[in-house]
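Visitor: Below is a structure I'd like to ask you about.
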């Protein structure tokens, strides 16, 4: 068993009950010796849980928020306190105060983090029969959306059990978000900055159908999903702007050149000129605004055009293939247009996924520095 004396437990809580005491007792029993407990603006009648715990256990350092600022703000407050006051600390582990994280699982995540040096997520199994249907559906849906639109395969995107090494914490403490969306922003920042992470399977515990959770299904889900889909929304906006630039330049070139060049030559020149400018605009906007990647510009550009050319061919071949497969006559223009639109939409999403995972894949810091030195 590894020494956990240089690991700090970060335990945010709002209006706790006796379960908070059970969490603290379990952590101490399993070898944790430094607990950063945060009162996130609890009601006066609930303050005794924090005060009694801090008074009884010298292992606890208590942070207070006068008003409720949100889980993200509580976590970041504790992270900053750790970085400033635990110079020898190797990392932290975040734990929820509702007793749904078994201390043995918390320890297992910390030990894995110490061995690997990676952020370690304690992930639940939502296929178990005792998982509430709402939680099973919500978590599986979020994981699927995360995989498609973020490019990260995470089986439990909402886990509150996360072991984070000190170096990664220095970056994650700067991430935006004060409420539940902060935990999603942490994952997105890990993707953008190529921070390695692993999963450790943990017990799936739901107490009283998760009734003590302060998660607001509509408000907090919206905050989370708008972050997950932000890349795709920006990708769509940039694509629309690129199309406008492409069509606008084609019209301008056609107007300027139609007296000197005619026929297929005119169409080719106008198309090529417009496409070069619009594709370069699309590339640099995707790199800087959509995916915000540190990937090498040269390599990313090569991959971008290696993707673009086959994509044009695939659109034509797939569209014609569907026409032939379904035996659609040339006169069925409405159906043909619909199929063309469906194929284009599918390829559009596939292109987004490939750009995210391959074209603009972020580089690890040490690899980026090595390339700069060359």
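The values are calculated or read from the model by the stated rules, or taken from the named source; none is laboratory data. The structure displayed is predicted, hence computed values, not measured ones. Positions of Cβ are generated from backbone atoms using ideal geometry, with glycine treated the same way; all protein chains shown enter the neighbour counts.
Visitor: May I ask you to say which residue of 280, 241, 253, 227 is more than 23 Å from residue 355 (Cα to Cα) and either part of a helix (DSSP H, G or I) or modelled with pLDDT of 85 or more (or both)?
Guide: 253
Visitor: So which pairs qualify, if the first residue must be in the range 141-155 and free of Cβ contacts under 8 Å to residues at least 40 places away in the same chain and outside the structural domain of residue 361 (by TED's automatic domain parsing), the second must be surrounded by fewer than 19 Cβ atoms within 10 Å (Cβ to Cβ) and in a helix (DSSP H, G or I), the Cβ gap must be under 7 Å, and the two must be at least 6 apart or on different chains?
Guide: Listed pairs, sorted by first residue: 153/147.
Visitor: Of these, 179, 162, which one is touching a strand residue (DSSP E or B) at 6+ places or on another chain (Cβ under 7 Å) and assigned by TED's automatic domain parsing to the domain that holds residue 92?
Guide: Exactly one of 179, 162 is touching a strand residue (DSSP E or B) at 6+ places or on another chain (Cβ under 7 Å) and assigned by TED's automatic domain parsing to the domain that holds residue 92, namely 162.
Visitor: Return yes when residue 274 is assigned by TED's automatic domain parsing to the domain that holds residue 363, surrounded by 14 or more Cβ atoms within 10 Å (Cβ to Cβ) and either assigned to a helix (DSSP H, G or I) or more than 24 Å from the chain's Cα centre (by Cα) (or both) and no when it is not.
Guide: Yes; evaluated as a whole, the condition is true for this residue.
Visitor: Conditions: (1) within 22 Å of residue 169 (Cβ to Cβ); (2) modelled with pLDDT under 95. Residue 14 meets all but one. Number of the miss?
Guide: Only one criterion in (1) within 22 Å of residue 169 (Cβ to Cβ); (2) modelled with pLDDT under 95 is unmet by residue 14, namely (1).
Visitor: May I pose another question? Filter the range 73-91 for residues that are out of contact with any strand residue (DSSP E or B) (no Cβ under 9 Å at 6 or more places or on another chain) and touching a residue at least 12 places away in the same chain (Cβ under 8 Å); which is surrounded by the most Cβ atoms within 10 Å (Cβ to Cβ)?
Guide: Once the filter is applied, the top-ranked residue is 76.
Visitor: Here's another thing I want to ask about it. Looking only at the range 1-35, which residues are without any contact (Cβ under 8 Å) to a residue 60 or more places away in the chain and in contact with a strand residue (DSSP E or B) (Cβ under 6 Å, 6 or more places away or on another chain)?
Guide: Matches in the range 1-35: 34, 35.
Visitor: Are any residues in the range 1-51 buried (at least 22 other Cβ atoms within 10 Å of the Cβ), farther than 15 Å from residue 63 by Cα and more than 30 Å from the chain's Cα centre (by Cα), and if so, which ones?
Guide: Scanning the range 1-51 gives no hits.
Visitor: Could I ask something else about it? Give me the helices (runs of 4 or more DSSP H) completely within the range 284-374, filtered to those with at least 3 residues that are over 25 Å from residue 195 (Cα atoms), more than 26 Å from the chain's Cα centre (by Cα) and modelled with pLDDT under 85, ordered by residue number. Break it down into steps so the answer makes sense when it comes.
Guide: Details: elements: 297-326, 333-354, 365-373.
Per the criteria, 297-326, 333-354.
Visitor: For the range 237-261, enumerate the residues that are without any contact (Cβ under 8 Å) to a residue 12 or more places away in the chain and within 16 Å of residue 287 (Cβ to Cβ).
Guide: Correct list: 237 only.
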